[in-house]
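One structure is given here, and the rest of the page talks about it.
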Amino acid sequence: MDKLPAVGLLTPLDLNTVEAVPESHVWPHLDESSQKFESDKTVSIPVVDFNDDNVLELIGKACEEWGMFQLINHGIPKTLTAETEEVARQLFALPQSQKMKALNVPGTANGYCMARLTKHHDKMMWHEGFTVIGSPVDDFKKLWPSDYQPFCDKMEEYQLKMKALADKLISLIFKFLGISDEEMVKKLSYIDPATGKPHLALRLNSFPACPEPSKVIGLAAHTDTSLFTMLHQARREGLQILNEKDGWLPLAPRSDALIINIGDFLQIISNGRFHSVPHRVMIRETEKTTMSMAYFFHPPGHLYVAPYCKPLSETLQTPIYKGVNVKEYFIIKAKASGKGIAALTI
């Protein structure tokens, strides 16, 4: 079957009103065991306290062994997270006709959208999303014409806090990898000189209640095209990671933690020391819509990303990946149906 056309050319289905899963959303080859969420099979990934004196080593070890960790005492106020989540809930609760006014269009990133992964598959996901990059004022004016400003203020405040945390995390990660201050400045240059805009994105994800959850996928298996991603899980279960030995394993996230997972660009920069872990979201049997908020931290499109190999006087390292321009990598990954790292392996 041919792949679906690009996401921007598709109209999201109003999943909140369907009484049965339409054929366009039925995934025929799901492993039934993947739908089960037995407590004894959930996995607790490492928990890192940002205030720990050994935070550098704890983060580095978790990135090497798991490719992700849970961060506590991260400094994002619980009240701000709850208020931002409430804005997202109100957004997704709007009538479909209203949300469609802010529909993402081809060539842009902001706005109401389907899962970006859709273009790699011949089935759609049980998901609706909204991408915010910088100020959401233009889109929010379409959603709430008379009272959009409070919603904008909250989203912008949340992004500023997440950006500050991301800056601290990437600094620690680069220090663990032995990357110099000079190189760090280059790789932390997340402002695109051509546009003056940051390459940081907040993705709001909604997974509506489903009449037949065993037939659908919330988000199909993928790795993140980022340096790393910081995820707030409003849902306790559903997120799964791929383990080479045991297959798909459900995570058991802490309610007070952000899940930090390594993206493709850090796998390349670390020369394979860190791994961008495949993950997916399954839909549970519930009558409630569940949500998550993902903050993507990645370099701008003009930068060239390559493995960082220590000088020969320390440890001889041979690059295992080709270097790549960030913008070109997005194209390579799309052509490879989401498997970009494999295309760069030497």
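Does LEU94 meet the test of being in a helix (DSSP H, G or I) and not acidic (Asp, Glu)?
Here the answer is no, as LEU94 does not meet what is asked.
Would you check which residues across the range 232-262 are surrounded by fewer than 15 Cβ atoms within 10 Å (Cβ to Cβ) and at positive phi and list them?
Hit for the range 232-262 is GLY247, nothing else.
Could you check, for the range 117-128, whether at least one of its residues is among the basic types (Lys, Arg) and modelled with pLDDT of 95 or more?
no
I'd like the full set of residues that are modelled with pLDDT of 95 or more and open to solvent by less than 10 Å² (accessible area, probe 1.4 Å), limited to the range 158-168.
Listed by number, the residues that qualify are TYR158, MET162, LEU165.
For the range 113-129, enumerate the residues that are in a loop (DSSP other than H, G, I, E, B), within 15 Å of the chain's Cα centre (by Cα) and surrounded by 24 or more Cβ atoms within 10 Å (Cβ to Cβ).
ALA115, HIS127
Using the structure shown, decide if ILE45 is assigned to a loop (DSSP other than H, G, I, E, B) and either modelled with pLDDT under 90 or open to solvent by 10 Å² or more (accessible area, probe 1.4 Å) (or both).
So ILE45 fails the test.
Mind listing whichever residues of the range 19-28 are surrounded by 14 or more Cβ atoms within 10 Å (Cβ to Cβ) and within 21 Å of PHE92 (Cα to Cα)?
If the condition is that a residue be surrounded by 14 or more Cβ atoms within 10 Å (Cβ to Cβ) and within 21 Å of PHE92 (Cα to Cα), then VAL21, HIS25 are the ones that fit.
Across the range 323-340, which residue is farthest from the chain's Cα centre (by Cα) among those that are touching a residue at least 24 places away in the same chain (Cβ under 8 Å) and open to solvent by 30 Å² or more (accessible area, probe 1.4 Å)?
ASN325
Please name all residue pairs, on different chains or six or more residues apart, with Cβ atoms under 7 Å, provided the first residue is in the range 56-67 and is more than 12 Å from LEU266 (Cβ to Cβ) and in contact (Cβ under 8 Å) with a residue 40 or more places away in the chain and the second residue is open to solvent by 80 Å² or more (accessible area, probe 1.4 Å) and assigned to a helix (DSSP H, G or I).
So the pair list comes out as LEU56/LYS175.
Return yes when PRO145 is open to solvent by 10 Å² or more (accessible area, probe 1.4 Å) and either farther than 28 Å from SER171 by Cβ or in contact with a strand residue (DSSP E or B) (Cβ under 7 Å, 6 or more places away or on another chain) (or both) and no when it is not.
Judged against the criteria, PRO145 is a match.
Please state which of the following conditions LEU312 fails to meet, knowing it meets all the rest: (1) open to solvent by 10 Å² or more (accessible area, probe 1.4 Å); (2) at pLDDT below 90; (3) within 21 Å of ILE170 (Cα to Cα).
Just one mismatch for LEU312, condition (3).
Select from the range 214-226 the residues that are in contact with an Asp or Glu (Cβ under 9 Å, 6 or more places away or on another chain) and closer than 14 Å to GLN267 by Cβ and list them in ascending order.
THR223, ASP224, THR225, SER226
When you scan the range 200-231, how many residues do you find that are more than 10 Å from the chain's Cα centre (by Cα) and either open to solvent by less than 20 Å² (accessible area, probe 1.4 Å) or of a type outside the set (Asp, Glu) (or both)?
17
Cβ contacts < 7 Å: first residue more than 12 Å from MET230 (Cβ to Cβ), restricted to the range 140-168; second residue small (Gly, Ala, Ser), any location; separation 6+ or different chain. Result?
Once the first residue is more than 12 Å from MET230 (Cβ to Cβ) and sits in the range 140-168, its partners that are small (Gly, Ala, Ser) give LYS142/ALA102; LEU143/ALA102; CYS152/SER135; GLU156/SER135.
Please tell me if THR286 is among the β-branched types (Val, Ile, Thr), over 22 Å from HIS120 (Cα atoms) and open to solvent by less than 40 Å² (accessible area, probe 1.4 Å).
No; evaluated as a whole, the condition is false for this residue.
The values are calculated or read from the model by the stated rules, or taken from the named source; none is laboratory data. The model shown is predicted, which means the values in this text are computed figures rather than measured ones. FYI the Cβ positions are ideal-geometry reconstructions off the backbone, even for glycines, and counts take in every protein chain you see. With ligands, DNA and RNA removed, areas are computed over all heavy atoms of the protein, side chains included. Shrake-Rupley method; radii C 1.70, N 1.55, O 1.52, S 1.80 Å.
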